[in-house]
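K.L.:
Dropping the structure in here first, questions after.
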Amino acid sequence: RRSIRAYQETQIHPEQLNTILEAGSYAPNAGGQAWHFTAVQNKKILTRLNNAAKETAQQLQLPGLTDLAHDENFDCLYGAPTLIIVSGWEASPIPLEIDCAAATENMLLAAQSMGLGSCWIYFVLLAFNSDKADELRNILKIPQNYKPYTSAVFGIPAEKIVEIPERKPNLITMIP
């Protein structure tokens, strides 16, 4: 699986989206499936999320992200036609960041298995730290008491991946 950062405008098929969401729902979890998936395919809402995230990054002065936020051509969703936000129930006694991460990874792998591109996106979650957070949560119908923890974009890659970078050496220790 590779992180894709350029997509065709063509929307993924509804069956593909359902398969991706179903894969997320089968992820391992310790919190009783205390997550909620929000699939966004509305271009106006995607643009709104991108703009809110960029405004927040500009205000927070985050190293590395602030420069991107000031780039008017930067789209934190990389032009992908589909965004899935994974939110977790805030009252859960279990750390839901881990459960939401597992669900997101299942979705990324499902997309790859169907020949789709995907990319885990942190930047867009900054929108939920903005003064527009409540309005965005309402528009996206994120249930009350659920917090967005992870997100990823999905679509048809704009280009075929030809070169795959080597993995860092010495990341594995075997103890027989």
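K.L.:
I'm trying to understand the selection: among the residues of region 81-122, which are in a loop (DSSP other than H, G, I, E, B) and out of contact with any strand residue (DSSP E or B) (no Cβ under 7 Å at 6 or more places or on another chain)?
P.N.:
Filtering region 81-122 down to residues in a loop (DSSP other than H, G, I, E, B) leaves 81, 90-95, 114-116, 121-122.
Across region 81-122, the qualifying residues are ALA91, SER92, PRO93, ILE94, PRO95, MET114, GLY115, TYR122.
K.L.:
Going through region 43-69 one residue at a time, which ones are of a type in the set (S, T, N, Q), within 15 Å of the chain's Cα centre (by Cα) and either at pLDDT below 95 or open to solvent by 20 Å² or more (accessible area, probe 1.4 Å) (or both)? Steps first, answer last, please.
P.N.:
As a first pass, look at region 43-69 and keep what is of a type in the set (S, T, N, Q): 47, 50-51, 56, 58-59, 61, 66.
Among the residues that remain, those that are also within 15 Å of the chain's Cα centre (by Cα) are: 47, 50.
The answer is THR47, and nothing else.
K.L.:
Now for a separate question. Report whether or not SER92 is open to solvent by less than 50 Å² (accessible area, probe 1.4 Å), under 19 Å from PRO28 (Cβ atoms), among the hydroxyl-bearing types (Ser, Thr, Tyr) and touching a residue at least 60 places away in the same chain (Cβ under 8 Å). Break it down into steps so the answer makes sense when it comes.
P.N.:
On the way: open to solvent by less than 50 Å² (accessible area, probe 1.4 Å): yes; under 19 Å from PRO28 (Cβ atoms): yes; among the hydroxyl-bearing types (Ser, Thr, Tyr): yes; touching a residue at least 60 places away in the same chain (Cβ under 8 Å): yes.
So SER92 passes the test.
K.L.:
Let me ask another. Quick one: TYR78 ticks every box in (1) part of a helix (DSSP H, G or I); (2) out of contact with any helix residue (DSSP H, G or I) (no Cβ under 9 Å at 6 or more places or on another chain) except a single one, so which number is it?
P.N.:
Condition (1) is where TYR78 drops out.
K.L.:
Sticking with this structure for a sec: Would it be correct to say that ALA101 is over 12 Å from VAL153 (Cα atoms), touching a residue at least 40 places away in the same chain (Cβ under 8 Å) and buried (at least 20 other Cβ atoms within 10 Å of the Cβ)?
P.N.:
On the way: over 12 Å from VAL153 (Cα atoms): yes; touching a residue at least 40 places away in the same chain (Cβ under 8 Å): yes; buried (at least 20 other Cβ atoms within 10 Å of the Cβ): no.
So ALA101 does not fit the description; no.
K.L.:
Filter region 18-35 for residues that are surrounded by fewer than 17 Cβ atoms within 10 Å (Cβ to Cβ) and either outside any helix (DSSP H, G or I) or at pLDDT below 95 (or both) and give the result.
P.N.:
TYR26, PRO28, ALA30, GLY31, GLY32, GLN33
K.L.:
In addition: Out of GLU9, GLU72, report the one residue that is in contact with a Pro (Cβ under 7 Å, 6 or more places away or on another chain), open to solvent by 80 Å² or more (accessible area, probe 1.4 Å) and farther than 25 Å from ASN145 by Cα.
P.N.:
Working: GLU72 fails: in contact with a Pro (Cβ under 7 Å, 6 or more places away or on another chain).
Selected residue: GLU9, the only one of GLU9, GLU72 that is in contact with a Pro (Cβ under 7 Å, 6 or more places away or on another chain), open to solvent by 80 Å² or more (accessible area, probe 1.4 Å) and farther than 25 Å from ASN145 by Cα.
The values are calculated or read from the model by the stated rules, or taken from the named source; none is laboratory data. Just so you know, these numbers come straight off a predicted model, no measurement behind them. Glycine also receives a Cβ, built like all others from the backbone with ideal geometry; neighbour counts cover every protein chain displayed. Note: accessible area is taken over every heavy atom of the protein model, side chains too, but ligands, DNA and RNA are not part of it. Shrake-Rupley method; radii C 1.70, N 1.55, O 1.52, S 1.80 Å.
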